[in-house]
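Taking it in order: structure first as structure tokens, then the write-up.
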Amino acid sequence: MMEKLLEYQSVDAELKAIEQELSANEDRKKGIAAKKFLDGVNDSLAELDAKAAEFDSAYTKYTQAYAKLCEVQQEFEGTAGDYSGEDEIVFIKKKAQELMDELKALEKQIVRLQEEILSITEQYNGLKKKTLAAQKQFKECGQKYMEFKESKAEAKNKIAEKLAELEKDIPEELMEVYKKKRADKIYPILYEYNGSGFCPYCRTEIPRLSESNMAKNGYVSCDNCGRILYK
Ligand SMILES: [Zn+2]
């Protein structure tokens, strides 16, 4: 029973090698990276949109405040000649200075916002450029990977046929155990147990009960690494 499964495993190694070749394929990796970028880009764009809207409304608010303040200043200058008392003049000068300071502070804020808006626009354009590049990469690498995968299809089919043939002589239950482990990315799965009391793969101690089960069923799974141990 184990000889057949061992033979199955050695043929399965060819399949595993093709699978590894496919998963290590550079075009596949580049395609996945592009997809990941494209999946996240909408969030980045939404973030930039929100920031841009925030800056825009602040910009409107500040420019309106600036215009209003200019009006006040003009009105104020228009009436400045009406005052003649020394206290009044001191007050007027102080008031005029305050208005100038406020205007300067607002000017600074407006310049800062203009810079922020420019930076957002640049980021937006950069993201757009990257998005186009990622779309191109996704398409081209996807195509190349599909071609590569296609080129391996015949070899894969041949191995699958061989495996199906071998499977006929392997007990269903054992085959199921093997396939489940294979799906869990365990490989190689079968290891000969030398009676040392330890798993030959991961060196975990094998309980007495497992040893007696091995004698009874011909195999046992290591509790730690999941390998099938046989005598
Ligand atoms: Zn183990």
(request) List every residue pair whose Cβ atoms lie under 8 Å apart, where the two residues are 6 or more positions apart in sequence or sit on different chains, the first residue falls within region 132-150 and is under 9 Å from G31 (Cα atoms) and of a type outside the set (D, E, K, R), and the second residue, located anywhere, is modelled with pLDDT under 95 and crowded, with 16+ Cβ neighbours inside 10 Å. (result) A134/V41
(request) Could you please give the count of residues in region 10-49 that are among the aliphatic types (A, V, I, L, M) and over 30 Å from I189 (Cβ atoms)? (result) 7
(message) Taking the conditions exactly as written (within 13 Å of the ligand (Cβ to nearest atom), in contact (Cβ under 8 Å) with a residue 12 or more places away in the chain, outside any loop (DSSP other than H, G, I, E, B) and of a type outside the set (D, E, K, R)), does L229 satisfy them or not?
(response) yes
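Of the residues Q109, Q123, which single one is over 24 Å from Q74 (Cβ atoms) and either surrounded by 15 or more Cβ atoms within 10 Å (Cβ to Cβ) or among the aliphatic types (A, V, I, L, M) (or both)?
Q123
Among the residues of region 184-207, are any free of Cβ contacts under 8 Å to residues at least 24 places away in the same chain, assigned to a helix (DSSP H, G or I) and either touching a Gly at 6+ places or on another chain (Cβ under 9 Å) or among the small types (G, A, S) (or both)? Full working, then the answer.
So in region 184-207, the residues free of Cβ contacts under 8 Å to residues at least 24 places away in the same chain come out as 185, 194, 196-198, 203-207.
Within this subset, residues satisfying the condition of being assigned to a helix (DSSP H, G or I) are none.
Scanning region 184-207, I find no residue that is free of Cβ contacts under 8 Å to residues at least 24 places away in the same chain, assigned to a helix (DSSP H, G or I) and either touching a Gly at 6+ places or on another chain (Cβ under 9 Å) or among the small types (G, A, S) (or both), so the answer is no.
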(message) With the structure loaded, tell me whether Q97 is polar (S, T, N, Q) and farther than 30 Å from V41 by Cβ or whether it fails that test.
(response) yes
(message) Would you confirm, using the coordinates I've provided, whether F76 is of a type in the set (F, W, Y) and over 40 Å from the mean Cα position of the chain (by Cα)?
(response) yes
(request) Could you tell me which numbered condition E211 fails, if it satisfies all but one of (1) among the charged types (D, E, K, R); (2) away from the ligand (no atom under 16 Å from the Cβ); (3) over 36 Å from the mean Cα position of the chain (by Cα)? (result) (2)
(request) Check C202 against each of (1) loosely packed, with under 15 Cβ neighbours inside 10 Å; (2) among the hydrophobic types (A, V, I, L, M, F, W, C); (3) away from the ligand (no atom under 16 Å from the Cβ); (4) closer than 23 Å to E3 by Cα and name the one condition it does not meet. (result) (3)
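The values are calculated or read from the model by the stated rules, or taken from the named source; none is laboratory data. Please read all numbers here as calculations on a predicted model, not as lab measurements. Using ideal geometry, Cβ is built from the backbone for each residue, glycine included, and neighbour counts are taken over all protein chains shown.
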